Structures are given as structure tokens and as C-alpha cells.
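A short worksheet on the structure shown next.
The values are calculated or read from the model by the stated rules, or taken from the named source; none is laboratory data. In this text the structure is predicted, and so the values were computed from the model without any measurement. Quick reminder, even Gly has a Cβ in these numbers, built from the backbone with ideal geometry, and neighbours come from all protein chains shown.
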Amino acid sequence: MSELSKIMIGIEHVHKWYGDFHVLKDINLTVREGDRIVIAGPSGSGKSTLIRCINRLEAHQEGKIFVDGVELTEDLKRIDAVRREVGMVFQQFNLFPHMTVLENCTLAPIWVRKIPKADADVLAMKFLERVKIPEQALKFPGQLSGGQQQRVAIARALCMTPKIMLFDEPTSALDPEMIKEVLDVMVELAEDGMTMVCVTHEMGFARQVADRVVFMDQGEIVEEAEPEIFFATPKNERTKAFLAQIL
Amino acid sequence: MIAITWARKNLFSSFWNSVLTFFAIYIIYISLPGLIDWAFIRAVWQGDSRTACLAPDSGACWPFVKANIGQFIYGRYPASEIWRVNLTFILGVAGLVPMLMPTAPAKRWNLIYLVIAYPLIAIVLLSGDRPGLVHVDTAMWGGLLVTLVVAVTGIVVSLPLGMLLALGRRSEMPVIRMLSIGFIEFWRGVPLVTVLFMASVMLPLFLPEGFSLDNLLRCLIGVALFSSAYMAEVVRGGLQAIPRGQAEAARAVGMSYWQTMGLIVLPQALRYVIPGIVNTFIGLFKDTTLVLIVGIFDLLGQVRAQLSDPHWAVPQGATTGYVFAALVFWVFCFAMSRYSVFMERRLNIGHKD
């Protein structure tokens with residue numbers, strides 16, 4: 001089915017260097033509407049850098065990246081247009097500690113979408129309910145557990161009603177007992193048809209929801225396959241070695 | 001009983017604490033009685049002229065302060081126009097007090113009044129450059145009036161300008177970064193005395209013929225730019241304490257650079273550096289006394305000027321005058337310090353993590 005739907009993210013021959021270090025080597029990836037992509041790989045393989053290129057928190061130096069038909073260039077207007085449509089969830093949550101949970105969620109709708117505050121509050125409460133913490137709306141992030149903070153971060157991104165959600169190792173900074181509550185929210189989101197790109201080490205999540213698993217190593221996409229094939233019969237030696245370590 | 005328990009716990013909890021307690025008591029013992037004796041017991045309180053303070057063993061000469069209080073506050077501002085200074089002061093307090101109270105409403109309008117409307121009102125009222133008001137040259141201004149004009153101008157200009165310079169110094173645009181660094185390092189590298197001398201003596205030589213800038217105004221500009229450079233570094237310290245992820249999260253939801261800085265980064269950064277900001281304000285407030293060297297009489301300068309008045313040449317005149325000036329400075333600086341403590345406590349509510 002996904003072959004017929006619209007291309008949401010197109011990455012064509014993308015290269016990136018940090019000084020002399022070649023972090024991304026000829027990356028090609030197509031994400032269609034409704035796709036759930038999991039990017040896996042050892043640390044330092046460039047997977048976080050790749051996902052951060054999609055909303056231009058990092059700039060690529062060669063190749064092309066299209067998001068919802070808009071090519072990412074130096075043009076700040078285009079970058080902001082893309083960022084409005086792409087939600088991102090970070091490893092370290094990055095909630096704004098000087099604002100309440102509700103204010104964290106309404107900030108961007110009010111200032112970027114120019115929605116009246118009352119409407120933004122309603123919108124934010126809707127998404128806080130969806131991540132199952134409406135009762136924490138008036139607390140500050142510092143008063144919440146890690147799992148709760150990450151769910152607020154997901155709600156904050158959803159409040160911009162994005163077309164694509166990016167997850168950059170959303171459970172890596174969490175205590176083990178809190179991982180599930182965040183993954184549950186992500187699974188629900190996937191079931192609702194959200195287009196998602198997730199960098200994660202949670203292979204259970206990859207098996208359960210991913211349409212495709214992309215394996216990166218040393219700045220390259222080594223293997224890209226449906227989860228059943230990826231986990232059962234990996235082709236590349238590096239993939240096999242990685243899976244042997246992680247499973 | 002309670003007092004003894006308290007003293008045990010707080011003053012004599014260990015051997016070294018006890019030693020320090022006794023040392024502190026000793027310091028108080030040798031200094032306080034003399035001060036009280038001078039300022040209150042042997043002090044002269046009544047009198048209309050210097051003769052009252054001529055007794056050989058007398059202490060502080062308070063009639064000197066009382067007789068000159070007008071000059072200390074207003075300088076040589078004409079007596080018939082002093083209501084304008086008082087009105088300016090009242091309008092300022094009326095704008096400042098609700099601004100400082102966190103619960104007072106309409107902060108935005110309050111700020112617009114304080115930063116835009118009030119300075120214009122103050123300029124018109126104080127200088128009188130409008131029909132219907134008598135013009136009062138800034139050479140006539142003096143005393144606490146000048147101290148407050150210089151300090152308030154410095155504070156009001158240095159905070160926003162310092163924030164811009166701090167952001168500029170961290171900018172990704174090389175030209176803006178270089179200009180900010182150049183500005184900050186230049187103004188931090190020269191002593192304020194030099195800045196004031198340049199502004200007062202050298203600048204007119206460079207200005208075109210017939211174009212003159214008021215002496216006080218030139219000093220105000222000098223003080224404001226000087227303190228902005230210090231403020232910039234204080235603010236930059238705060239900016240550096242904010243994790244990169246904060247700005248990234250804001251940019252990721254599509255907020256612009258100015259929204260990110262104004263709503264996310266600066267509010268957090270300024271909170272961290274409240275002590276440093278207030279420290280700069282207090283330093284600035286006391287540095288205003290340096291305008292004396294370019295012939296402007298601030299509070300301290302005015303006290304010194306009155307000392308040379310032969311009508312009040314008394315043995316304790318100088319000491320009394322300086323103690324009075326010190327007390328006035330201390331009241332202002334201490335008030336700023338307490339307010340900063342209050343704000344720090346308040347901002348910490350719900351913010352501990």
C-alpha cells in the first residue's frame with residue numbers, strides 16, 4: 001500500500017562532514033506517507049545526525065533532502081516551513097523548565113501557528129490526554145519523572161499537528177521501568193497512521209510497528225528491509241554482528 | 001532558654017565557630033561604641049550656622065546636612081522649579097514599584113511606560129525644553145538628581161544592549177560576532193575615568209563646528225556603553241549555562257531565532273545571572289561618582305562642594321558629609337541587593353530539578 005502513497009521525505013545522495021570526519025556517506029532514503037521507519041545501528045554510526053538533517057538541526061553538505069515536497073536549503077523560510085510540519089522528540093526531552101507542562105505545549109501553537117491562547121489550551125489538553133498525563137498540565141517539567149517528561153515532549157510536538165514525527169533515541173535516557181509507557185504512546189501513534197522516523201535501540205518496538213528497518217554503520221546505510229526479513233535473515237555481516245550483540 | 005539553645009547551635013557549635021564568635025564580638029566592641037558616640041551622643045543636632053558645631057569635643061555636625069539637603073538632592077536646580085524634579089521622581093516611582101511587584105497586572109504597558117514614555121517625560125520635565133517651562137541647563141543639575149539620572153540611564157540602556165551584545169558574541173554570523181567582541185573588549189579595556197574624560201574633553205574637539213552635545217548627555221552615553229560591555233559578559237555567562245537542546249527544541253517546532261532567544265533561552269539565562277546583573281547595577285550606581293572629574297556634581301561631588309562653603313567650615317563637617325553620602329548610597333545599593341534576593345527566591349519556585 002505504501003508504494004502508492006505520497007513521498008514525505010526524500011533523501012538523495014546526502015553527504016555530511018564534521019571537519020575531516022565523513023559522518024554521512026551517500027545516504028538514500030525514501031519515506032512515504034504513513035511509513036514507520038526505524039533506524040538502528042551502533043553509536044557513532046550517524047543515525048542521529050541523519051535524523052537531525054531531516055529538520056535541518058544539522059546541515060548536509062552534498063545531495064538533496066526533500067520534506068513534503070520542500071527542498072531543504074540555506075533558505076530560512078523553507079527551513080521554518082519544514083520544521084512546522086515535522087515534530088521532533090529528543091533523547092534528553094528538552095522540555096522548557098521555566099514553563100508549565102501546558103505552556104510547553106501551547107508555546108509553539110501560539111507563537112508559530114498564531115492560534116489564540118484559549119484554542120491552544122484546548123488543543124494541548126487533547127494531546128496531553130492522548131499521552132495520558134492531563135492531570136500534570138500545571139506542573140513544571142522538573143516535577144515529573146523521565147517517562148512523564150518524554151510523554152509531554154511527544155505531546156508538545158503533536159500540538160503543532162505535524163505530518164511527520166522524528167524520534168531521536170526517545171527511550172535511551174530513561175530508567176528501564178519507564179521505557180514501556182513511552183513506547184506505548186509511540187505504538188498508538190503509529191497505529192493512528194502517523195508517518196514516523198525513529199532512531200532507537202528498542203528492537204521490540206521495531207518488530208512491532210516498523211514497516212522497514214534501516215541499519216546504519218560508519219555513516220552508511222548498510223541494509224534496509226522489512227522487520228521480519230531484517231531480524232530473521234540479515235544479509236550483511238555488519239548487520240549480523242550488530243544483531244548478535246543487541247538481541 | 002531558647003536564646004541559649006540558639007546561641008549554642010549557631011554561635012558556639014564548634015571550637016572554631018566559638019573563636020570566630022568571640023573575634024566578631026571583639027570587633028563590634030572596639031568599633032560600635034565609638035561610632036554611636038560620634039553619630040548620636042556627642043553629635044550636634046540643633047543649630048542654624050557653623051557656630052553650633054564649633055565645640056571642641058563635638059561629634060557629627062548634622063545641622064550641616066540639614067542646611068544643605070536641598071543642594072545634596074537637587075544641586076543648583078532653581079528653587080522655583082524643584083517641583084519638576086519631584087514630579088519626575090514621583091512618576092518614576094509610580095512606574096517602577098508596580099513593575100517590581102510580580103503580582104501587579106499589565107506588565108507590558110508598565111514596561112512600555114517605563115522604558116519609552118517615562119524617559120521622554122523625564123527629559124522634558126527636567127530640562128524644560130518646551131514652551132511653558134523654564135529651561136534649566138544641565139550644568140545646574142546636581143546631587144542625588146544627577147546620581148539617579150546617570151545610574152538609571154546606565155541601567156535602562158545597559159541591560160537590553162548587553163543582552164544584544166551577548167547574543168551577538170555567540171552569533172554564527174562572523175561580522176556580527178566580530179563587531180560584538182570588538183565593542184565589548186574595547187569598552188571593558190578602558191577605565192571609566194578615561195571614557196568620561198574622552199566624552200567630556202576630547203569628543204568636542206572631533207565634533208564639527210557649531211555642533212555641540214550636552215556635557216551630561218555625553219557622559220550618560222559613555223556610562224551606558226561602558227556598562228553595556230560589562231552586562232554583555234554577565235549575560236553571556238548565563239547563555240552558556242543553557243544546554244544546546246533548549247534552543248534546538250524551540251527551533252524544531254518552527255520558532256524563529258528571536259522567538260527562541262526571547263522566550264526560551266534568555267528567560268532561563270537571565271535567571272541564572274540575577275546576582276551578576278545586580279552586581280553590575282550596584283557597581284554602576286557607585287561608579288556614577290566618577291562624573292565629578294568632568295565637572296558634573298553628583299551626590300558625592302555636591303557634598304564635597306558644600307564642604308568648601310565658608311559658612312559651614314566646621315571640624316566635623318567633612319566626616320559628617322561623607323557619612324551621609326555613604327548612607328544614601330548604601331540604602332540604594334542594599335535595596336537593589338534585597339530585591340535580587342527576593343526575585344531569586346521567587347523564580348526558584350517550581351523550578352528545582
Log entry, pairs with first residue in region A:42-54 being farther than 16 Å from A:V89 by Cβ, second being part of a helix (DSSP H, G or I) and at pLDDT 90 or above, beta carbons closer than 7 Å, six or more apart or on different chains, reads A:P42/A:F242
Tell me, which residue of region B:210-266 that is among the small types (G, A, S), more than 14 Å from chain A (Cβ to nearest Cβ) and in contact (Cβ under 8 Å) with a residue 24 or more places away in the chain is nearest to B:I293 (Cα to Cα)? B:G222
So which residues in region B:186-196 are exposed (fewer than 14 other Cβ atoms within 10 Å of the Cβ) and in contact (Cβ under 8 Å) with a residue 40 or more places away in the chain? B:F186, B:R188, B:V193
Given (1) under 25 Å from A:T106 (Cα atoms); (2) out of contact with any Phe, Trp or Tyr (no Cβ under 6 Å at 6 or more places or on another chain), where does A:L183 come up short, assuming only one miss? (2)
Selection count where residues are modelled with pLDDT of 95 or more and of a type in the set (S, T, Y), scope region B:159-179: 0
Would you tally the residues in region A:51-84 being acidic (D, E) and within 8 Å of chain B (Cβ to nearest Cβ)? 1
Within 19 Å of A:I51 (Cα to Cα), within 14 Å of chain B (Cβ to nearest Cβ) and either of a type in the set (K, R) or surrounded by fewer than 24 Cβ atoms within 10 Å (Cβ to Cβ) (or both): is that true of A:Q143 in this structure? no
From B:A166, B:A199, residue being surrounded by 21 or more Cβ atoms within 10 Å (Cβ to Cβ) and farther than 18 Å from B:V234 by Cα: B:A199
List the number of the failed condition for B:S58; all other conditions in (1) hydroxyl-bearing (S, T, Y); (2) crowded, with 16+ Cβ neighbours inside 10 Å; (3) within 30 Å of the chain's Cα centre (by Cα) hold. (3)
Would you pick out the residues in region B:208-256 that are within 26 Å of A:L95 (Cβ to Cβ) and either surrounded by fewer than 21 Cβ atoms within 10 Å (Cβ to Cβ) or acidic (D, E) (or both)? B:G237, B:Q240, B:A241, B:I242, B:P243, B:R244, B:G245, B:Q246, B:A247, B:E248, B:S256
Of the conditions (1) in contact with a helix residue (DSSP H, G or I) (Cβ under 8 Å, 6 or more places away or on another chain); (2) within 30 Å of B:L220 (Cβ to Cβ); (3) more than 14 Å from every other protein chain (Cβ to nearest Cβ); (4) part of a helix (DSSP H, G or I), the single one that B:T320 does not satisfy is (2)
Name every residue in region B:168-197 that is under 22 Å from the mean Cα position of the chain (by Cα) and not basic (K, R), in order of residue number. B:I184, B:W187, B:G189, B:V190, B:P191, B:L192, B:V193, B:T194, B:V195, B:L196, B:F197
Might you let me know whether region A:85-102 holds any residue that is within 10 Å of chain B (Cβ to nearest Cβ), buried (at least 23 other Cβ atoms within 10 Å of the Cβ) and among the polar types (S, T, N, Q)? yes
Any residue at all in region B:8-29 that is part of a helix (DSSP H, G or I) and touching a residue at least 60 places away in the same chain (Cβ under 8 Å)? no
If I filter region B:141-176 down to residues being in contact with a Lys or Arg (Cβ under 9 Å, 6 or more places away or on another chain) and without any contact (Cβ under 8 Å) to a residue 12 or more places away in the chain, which single residue comes out as nearest to B:I221 (Cα to Cα)? B:I176
Would you call A:G204 in contact with an Asp or Glu (Cβ under 9 Å, 6 or more places away or on another chain), modelled with pLDDT under 95 and surrounded by fewer than 21 Cβ atoms within 10 Å (Cβ to Cβ)? no
Of the residues in region B:119-151 that are surrounded by fewer than 19 Cβ atoms within 10 Å (Cβ to Cβ) and aliphatic (A, V, I, L, M), the one that is nearest to B:I296 (Cα to Cα) is B:A139
Restricting the first residue to region B:279-302 and requiring it to be within 14 Å of B:L144 (Cβ to Cβ), which pairs with a second residue that is not in a helix (DSSP H, G or I) meet a Cβ separation below 6 Å and a spacing of at least six or different chains? B:T288/B:D298; B:T289/B:D298; B:V291/B:D298; B:F297/B:G75; B:F297/B:G142; B:Q302/B:G75; B:Q302/B:G142
Just to be sure before I move on: is A:A124 more than 21 Å from the chain's Cα centre (by Cα), surrounded by 21 or more Cβ atoms within 10 Å (Cβ to Cβ) and more than 12 Å from every other protein chain (Cβ to nearest Cβ) in the structure I sent? no
Out of (1) within 14 Å of chain A (Cβ to nearest Cβ); (2) surrounded by fewer than 19 Cβ atoms within 10 Å (Cβ to Cβ), the odd one out for B:N279 is which? (1)
Examine region B:292-306 for a residue that is of a type in the set (A, V, I, L, M, F, W, C) and over 20 Å from the mean Cα position of the chain (by Cα), and state whether such a residue exists. yes
